[in-house]
1. Suppose we keep only residues that are without any contact (Cβ under 8 Å) to a residue 24 or more places away in the chain and near ligand 1 (Cβ under 10 Å from one of its atoms) within region 143-156. Which one would you say is farthest from the chain's Cα centre (by Cα)?
2. What residue, of 28, 42, 62, is crowded, with 19+ Cβ neighbours inside 10 Å and more than 18 Å from residue 89 (Cβ to Cβ)?
3. Residues to consider are 182, 224; find the one that is over 22 Å from residue 262 (Cβ atoms), surrounded by 15 or more Cβ atoms within 10 Å (Cβ to Cβ) and touching a strand residue (DSSP E or B) at 6+ places or on another chain (Cβ under 6 Å).
4. Criterion first (part of a loop (DSSP other than H, G, I, E, B), away from ligand 1 (no atom under 16 Å from the Cβ) and surrounded by fewer than 17 Cβ atoms within 10 Å (Cβ to Cβ)) does residue 242 satisfy it?
5. Test residue 213 against the criterion of being over 30 Å from residue 134 (Cα atoms), within 13 Å of ligand 1 (Cβ to nearest atom) and out of contact with any strand residue (DSSP E or B) (no Cβ under 9 Å at 6 or more places or on another chain), and give yes or no.
6. So which residues in region 73-95 are within 39 Å of the chain's Cα centre (by Cα) and closer than 21 Å to residue 35 by Cβ, if there are any at all?
7. Does residue 127 satisfy the criteria of being out of contact with any strand residue (DSSP E or B) (no Cβ under 6 Å at 6 or more places or on another chain) and away from ligand 1 (no atom under 13 Å from the Cβ)?
8. Just one of 109, 175, 169 is within 30 Å of residue 17 (Cα to Cα) and surrounded by 13 or more Cβ atoms within 10 Å (Cβ to Cβ); which is it?
Ligand code: AMP
Ligand code: MG
């Protein structure tokens with residue numbers, strides 16, 4: 001995204017941030033009575049300086065007149081006709097944001113590569129930057145593989161399953177700020193798979209699900225090899241997600257994610273999201289990690305890092321996490337109950353109740 005600078009000072013004038021009376025703090029001692037000589041509303045073009053021993057009624061967002069150096073909240077005053085009595089002493093500067101204290105004319109407010117969230121678009125609007133040049137969203141082809149996979153609209157045969165991975169992946173791609181291109185499902189046949197992969201290689205990124213394990217019909221890697229892919233890695237020491245593949249084929253980055261639905265979800269978050277950030281011209285977002293107290297003891301196989309569906313709660317203000325019962329990486333229902341994944345590092349086997357652990361928040365719920 002192009003740079004955005006302040007087009008003037010912010011605030012552009014000394015701004016009252018309360019409804020009350022603009023005073024000179026020296027005059028507004030506790031019990032003082034000052035004559036109110038006028039009213040300044042937000043947007044008023046008021047130029048008269050405040051004379052000593054007087055005050056002026058002022059609204060939130062209005063310009064504090066010259067000569068005034070404090071605003072007293074209306075709640076701490078009493079009015080009798082034109083006379084205002086002050087219950088407590090004012091201190092210089094109170095309830096005023098001075099001209100230029102938020103930003104100076106010409107300051108860089110959004111730098112190149114900034115991600116446009118709700119605050120950033122408000123910032124651009126505030127300074128009148130109504131047109132921004134932004135990076136093109138990376139286009140991400142999504143291809144699921146497997147002879148057993150049918151589309152969600154279809155009634156599956158007794159040993160078939162519906163394609164849920166293309167749906168979760170499209171949602172994750174959108175959430176990551178990229179553009180999904182749905183290519184459906186390819187069967188476990190080299191020729192058909194190759195044709196579908198070639199279609200996917202027309203996009204910036206191709207994400208495949210399934211077909212990367214050790215099975216006789218896991219053909220993603222051999223087909224990518226045939227197409228001249230350069231492999232960066234083809235296994236990672238995590239569970240779920242061990243057989244994840246990352247390669248480049250021509251100008252397209254290719255992720256081969258394992259087909260088990262939870263593996264697909266977790267590996268996308270860990271490996272694909274940062275790649276999409278970089279391709280979209282932004283700094284890669286760090287994993288949304290949080291420390292939390294483990295609510296129970298547990299044991300997992302060491303030598304591999306685990307990402308387990310878990311529930312993070314704040315029972316007494318402090319974050320506490322519990323792993324959810326699950327049936328392994330095919331268990332989508334367990335993830336719908338989870339708001340995070342509990343991280344168990346590769347060098348740990350037994351974790352004890354009460355110890356601090358890391359969790360990766362589900363970005364869509366965070
Ligand atoms: P694979 O990685 O191809 O060995 O698949 C592992 C498991 O994930 C198998 O039980 C598949 O049936 C399941 N699976 C593969 N692709 C999908 C998909 N698109 N949607 C849901 N489950 C899938
Ligand atoms: Mg398969």
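The values are calculated or read from the model by the stated rules, or taken from the named source; none is laboratory data. For clarity, every value in this text was computed on a predicted model and none was experimentally measured. When we count neighbours, we look across all protein chains shown, and the Cβ atoms used for this are built from the backbone with ideal geometry, even at glycine.
1. Of everything passing the filter in region 143-156, 148 is farthest from the chain's Cα centre (by Cα).
2. 62
3. 224
4. Taking the combined requirement at face value, the residue does not satisfy it.
5. So residue 213 passes the test.
6. Within region 73-95, 73, 94, 95 meet the criteria.
7. Judged against the criteria, residue 127 is a match.
8. 109
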